[in-house]
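Step one of this worksheet: look at the structure below.
The values are calculated or read from the model by the stated rules, or taken from the named source; none is laboratory data. Computed from a predicted model, the values in this text were never measured in an experiment. Quick reminder, even Gly has a Cβ in these numbers, built from the backbone with ideal geometry, and neighbours come from all protein chains shown.
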């Protein structure tokens, strides 16, 4: 349908932050297999200007919000995070998690506001792909491009660059520049013999663009390759079958 907004799938990295510990004890919460950079250590969060008893309450509330997010109860997470922000406004971990919850609820503008505040307060580009994804949904192509270039200047991890590349390529395709998006993905660094999830994600995105421009044989082969490497990777297997 002409003019219809094509909302992209979410980036892989940090879409589900989890809690490592609460206060200074050994209490554990449900967690996934992730690197330490992808976790929220509630004991290390700094709530500025609050009394000690309030500080303890806010830490536990943040832990509850992170668990709610982990269990995909994004609305509950937002309510908890809003109550924290009223008592300790501007806490980076709260802004980040609340922005991610808004993103998962497809509330693009609130997500942008919180995640840009998080980035400004921490001097981090970690959530740039997510912010760019929000701007893509709003069809703010200039902002998507700006964030992609900022990622390139920062030279973060290969995984993070890959996420940004996928979002930018998708934004190009949404503007009728699918061929440019394909070139961007094709020129990415070669994957290792044992591809990682972000390599599969790039190939899936590339297969999607091949299909959009009518190159069905390439799309079918690439969807099939992704499916063979990871049978649980989204709908890659079904899409390969549908293109036969």
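Looking at (1) at pLDDT 95 or above; (2) within 19 Å of residue 127 (Cα to Cα); (3) out of contact with any helix residue (DSSP H, G or I) (no Cβ under 8 Å at 6 or more places or on another chain), can you tell me which one residue 79 breaks?
For residue 79, the failing item is (2).
Can residue 47 be described as at pLDDT 70 or above, closer than 22 Å to residue 116 by Cα, in a loop (DSSP other than H, G, I, E, B) and in contact with a helix residue (DSSP H, G or I) (Cβ under 6 Å, 6 or more places away or on another chain)?
Judged against the criteria, residue 47 is a match.
Restricting the first residue to the range 125-150 and requiring it to be surrounded by fewer than 16 Cβ atoms within 10 Å (Cβ to Cβ), which pairs with a second residue that is in a helix (DSSP H, G or I) meet a Cβ separation below 6 Å and a spacing of at least six or different chains?
138/108
Select the helices (runs of 4 or more DSSP H) contained entirely in the range 129-244, then report the ones holding at least 2 residues which are within 29 Å of residue 113 (Cα to Cα). Working first, answer last.
Working: elements: 141-154, 158-174, 178-186, 197-212, 216-229, 236-242.
The helices (runs of 4 or more DSSP H) meeting that bar are 141-154, 158-174, 178-186, 197-212.
Name the residues in the range 81-92 that are part of a helix (DSSP H, G or I), under 17 Å from residue 115 (Cα atoms) and without any contact (Cβ under 8 Å) to a residue 24 or more places away in the chain, would you?
Of everything in the range 81-92, those that are part of a helix (DSSP H, G or I), under 17 Å from residue 115 (Cα atoms) and without any contact (Cβ under 8 Å) to a residue 24 or more places away in the chain turn out to be 81, 82, 85.
Given the conditions (1) modelled with pLDDT of 90 or more; (2) under 29 Å from residue 199 (Cα atoms); (3) in a helix (DSSP H, G or I), and given that residue 37 satisfies all but one, which numbered condition is not satisfied?
Here residue 37 meets the rest and fails (1).
Name the residue, out of 178, 236, that is within 23 Å of the chain's Cα centre (by Cα), farther than 29 Å from residue 120 by Cα and at pLDDT 95 or above.
After ruling out the rest, the residue left standing is 178.
Of these, 106, 126, which one is at positive phi, outside any helix (DSSP H, G or I) and within 17 Å of the chain's Cα centre (by Cα)? Steps first, please.
Working: 126 fails: at positive phi.
So the residue among 106, 126 that is at positive phi, outside any helix (DSSP H, G or I) and within 17 Å of the chain's Cα centre (by Cα) is 106.
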